[in-house]
Number of protein chains: 2
Amino acid sequence: MITTDVKSARSFVSDDEYAEAFELAEKTYQQVKNQTGAGSEWLGWQRILKEPNDAELEELTSHAERIREDADIFIVCGIGGSYTGAMAVIKALNPYFKNNGPEILYAGHHMSGKYLKQLMEYLQTPKEDGELKSVYLNGISKSGSTLETALAFRTIRAWMHEVYEDAADRIIATTGKEGGVMNKIVAEEGYQKYIIPDDVGGRFSVLTPVGLLPIAVAGIDIQTLYYGAVSEYEGREQDQETILEYAALRYALLKNGHALDVLTSFEPELIGFTAWIQQLLGESEGKEGKGMFPAMAGYSTDLHSIGQIIQEGRRNLIETILVAKKPISDFKVQETQGEDIDQLGYLSGRSFHQINKSALDGTVEAHTEGGVPVLKIIIEELNAQQLGKLIYFYELFTAVYVYMLDVNPFNQPGVEGYKKAMYKLLGKDV
Amino acid sequence: MITTDVKSARSFVSDDEYAEAFELAEKTYQQVKNQTGAGSEWLGWQRILKEPNDAELEELTSHAERIREDADIFIVCGIGGSYTGAMAVIKALNPYFKNNGPEILYAGHHMSGKYLKQLMEYLQTPKEDGELKSVYLNGISKSGSTLETALAFRTIRAWMHEVYEDAADRIIATTGKEGGVMNKIVAEEGYQKYIIPDDVGGRFSVLTPVGLLPIAVAGIDIQTLYYGAVSEYEGREQDQETILEYAALRYALLKNGHALDVLTSFEPELIGFTAWIQQLLGESEGKEGKGMFPAMAGYSTDLHSIGQIIQEGRRNLIETILVAKKPISDFKVQETQGEDIDQLGYLSGRSFHQINKSALDGTVEAHTEGGVPVLKIIIEELNAQQLGKLIYFYELFTAVYVYMLDVNPFNQPGVEGYKKAMYKLLGKDV
């Protein structure tokens, strides 16, 4: 199971504060377990792990295999919870510089006309052999009416219907069971459809077809990912201690004056995962004037930018670091040739993993001494199974922790704010 | 010149708070102007615009042209201020999907062994025609001893000396005038060297060879960029009103309880620029227990993740939005074909720029109503001249504003914290 190291954070919370918070966490865990809390009709992210849908996993896997054989490009068209989970897992496990299979591109995640125009030009540019690129499109939206996604989906699929005779087989919709614009489009065009369960909200949907199809198309074993989450779910049914401790600490730190949480990792491939956690936490707790703001960073890169303010700025922040325990790579420092001009001789032959770990340990030490509570969330190694575990760990943590603030973790009424004002300006009848 | 729209923010500051802050800003502007503030030996970012070095600009341009003719890949090897400025300008102006010239890659900006290993494999993979890729390397470090950069520089240049007879002509060092490890390497290997002026700190160095060489290699006109900054410098010598107003507001908002600033833009290509501002502000003001934490976001993407907490979470944040006034692209929404199934007919033929602007305006309205002070920083359009202006605008703003907090804007003592602890763990004699 996922482990943590919260010694640093614990030293910023008094015994009384901790005991009180822990007791509250025990209560809110029962709210999750007994489905008695606000919004408990949204606990489908637990249900799907209790009753895995193996047939769907197999269907998604074999569909993804067919796409991988034929596609040059696979476009994930979604925003927020409809793309962040897939992006997180794909970034974490795919290589940096070579695509293992089709190129995965994103669209519908903002409204930049420049981006969409250049994307269309890129799709339209023939391959080196003069052939048309083979493009697949996955439109992901529970309703189909989210503007960013709907506009990109309209643009890309119109072009696809123009150039591919088999366009309807290349376009896949991931949407709600019924109702909404996306279902109308599916009925009209005959696209294959995958269903987002009614009881799973966007930011909790990575282990539904929302995340699983793109992840499988990227060549990642979704059975392993999924059953990683299942094993974490089963383990946590027996032992909630780590979750309760983490929830109690974050709550106590929020109460004793900490306004923001820097979510980070020393592994650049986990940046997407911090974005996923950022949404999961921020959108769940940030309501009714409450919550700790989740800021993202990537280390050691950002120790050379915001490192200064973390070390010596206002003492109102905490730090959450995602750690992968086993070496991700055995790459070693080049041996010194001749004279040691660059003065790195003392590191010759040492692994980057070990040096990076020293940077992590040095950072925890320096930040703790500087007055920053640090929490380390640890996976054994960077693979699909461990990421599946991490996903469920954070989903459960979010539910338990956010109930402690006495708010509903599963709604997001504030997201409508800018949309209403925008639609008014665009002259839409709402 | 750069303009702002701070009506929203002004409504969160009382007349008295504003008047007091403005008066203070007038004083600290004089500290910058008369070079009487702490760290005033670091005002070289003004000096270089007062006395442009045209010969160097020309040399960098023609060197970059030679590299562009020959290179497949150009590697920017630096961290913090040694790469963020170049990355910001290159991301802002280069296309998303096609490289206009050599591929620009980054290294030495963290210590991931997986990344560096895969980068080396990518460099070593022959081109489609079986030929070796033509790689150039720019090592950027004032001292040459920053660990992240030094390790990557050692690894990449060792390989380059193995495979290229003319390796010494392919490796360029950007470093301090004298002293330091990098100068020893340059002397030993005969690399071409560009100088980082003694009176310019890392986060203020984008308009020195640190930023200018990579930007020129990316095909961007550095004369236009540079003289954009020069024109902003000259304009601000006459008229500081906008800077003083902005500084007064941010200071007053910090004083009346705002703990963090969400730096964002509705143009995804400006994300790199928010990272540059994040370092510039955070590393300058975040000391002695002071400063407003700079968090980054990209809109409208992140309105679907942290939008909820911004709209309805704890009222302790402000928002700074970079705006480009003129359309970046004229891309339009696809006309409706037949029935309006996706219900976007009301937007048919409208430009994405206009829709995105409605999202911006809607956001400013909704966030202001929700209790978030918003500041818009406006460039006329997204081009090299305007980005040059924006660079100087923010450099001057940072100096004036940070002096208001009574701290030295130009040092970064806290960055040493994690390094010291790390070196101890690595067994280095320090």
Among the residues of segment A:306-320, write down those that are in contact with a helix residue (DSSP H, G or I) (Cβ under 7 Å, 6 or more places away or on another chain) and either more than 7 Å from chain B (Cβ to nearest Cβ) or in contact (Cβ under 8 Å) with a residue 60 or more places away in the chain (or both). A:Ile310, A:Gln311, A:Ile318, A:Glu319
Just one of A:Tyr96, A:Tyr115, A:Tyr122 is modelled with pLDDT of 95 or more, closer than 25 Å to A:Leu270 by Cα and hydroxyl-bearing (Ser, Thr, Tyr); which is it? A:Tyr115
Index of the failed condition, A:Glu17 passing every other in (1) open to solvent by less than 20 Å² (accessible area, probe 1.4 Å); (2) more than 27 Å from A:Tyr227 (Cα to Cα); (3) part of a helix (DSSP H, G or I): (1)
Could you tell me whether A:Tyr194 is open to solvent by less than 40 Å² (accessible area, probe 1.4 Å), part of a helix (DSSP H, G or I), of a type in the set (Ser, Thr, Tyr) and touching a Leu at 6+ places or on another chain (Cβ under 8 Å)? no
Any residue in segment B:422-429 that is outside the structural domain of B:Lys91 (by TED's automatic domain parsing), assigned to a loop (DSSP other than H, G, I, E, B), open to solvent by less than 30 Å² (accessible area, probe 1.4 Å) and in contact with a helix residue (DSSP H, G or I) (Cβ under 9 Å, 6 or more places away or on another chain)? yes
One residue is enough: does segment B:59-74 have a residue meeting the conditions of a type in the set (Ser, Thr, Tyr) and touching a strand residue (DSSP E or B) at 6+ places or on another chain (Cβ under 6 Å)? no
The conditions are (1) in a helix (DSSP H, G or I); (2) open to solvent by less than 80 Å² (accessible area, probe 1.4 Å), and A:Gly37 fails exactly one of them. Which is it? (1)
What's the number of the condition B:Ile222 fails, among (1) touching a helix residue (DSSP H, G or I) at 6+ places or on another chain (Cβ under 9 Å); (2) within 14 Å of chain A (Cβ to nearest Cβ); (3) open to solvent by less than 10 Å² (accessible area, probe 1.4 Å)? (2)
Give the residue, chosen from B:Leu249, B:Leu244, that is farther than 30 Å from A:Lys117 by Cα, in contact with an Asp or Glu (Cβ under 9 Å, 6 or more places away or on another chain) and not assigned by TED's automatic domain parsing to the domain that holds B:Pro52. B:Leu244
Considering each residue of segment A:383-430, count those that are among the small types (Gly, Ala, Ser) and within 13 Å of another protein chain (Cβ to nearest Cβ), and give that number. 4
Within segment A:251-273, residues being surrounded by 22 or more Cβ atoms within 10 Å (Cβ to Cβ) and under 23 Å from A:Leu49 (Cβ atoms) number 2
How about segment A:386-430: which of its residues are under 22 Å from the mean Cα position of the chain (by Cα), under 22 Å from A:Lys33 (Cα atoms) and among the acidic types (Asp, Glu)? A:Glu395
Go through the residues of segment A:67-74 one by one and say whether even a single one is small (Gly, Ala, Ser) and in contact with a helix residue (DSSP H, G or I) (Cβ under 6 Å, 6 or more places away or on another chain). no
Which residue out of A:Val210, A:Val262 is under 18 Å from the mean Cα position of the chain (by Cα), of a type in the set (Val, Ile, Thr) and over 24 Å from A:Gln46 (Cα atoms)? A:Val262
Segment A:41-98, residues that are farther than 21 Å from A:Arg203 by Cβ, open to solvent by 40 Å² or more (accessible area, probe 1.4 Å) and outside any loop (DSSP other than H, G, I, E, B): A:Asp54, A:Ala55, A:Glu58, A:Glu59, A:Ser62, A:Glu65, A:Arg66, A:Arg68, A:Glu69, A:Asp70
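The values are calculated or read from the model by the stated rules, or taken from the named source; none is laboratory data. Because the structure is predicted, anything quoted here is derived from the model rather than measured. Every residue, glycine as well, gets a Cβ built from its backbone with ideal geometry; the counts of neighbours run over all protein chains shown. With ligands, DNA and RNA removed, areas are computed over all heavy atoms of the protein, side chains included. Shrake-Rupley method; radii C 1.70, N 1.55, O 1.52, S 1.80 Å.
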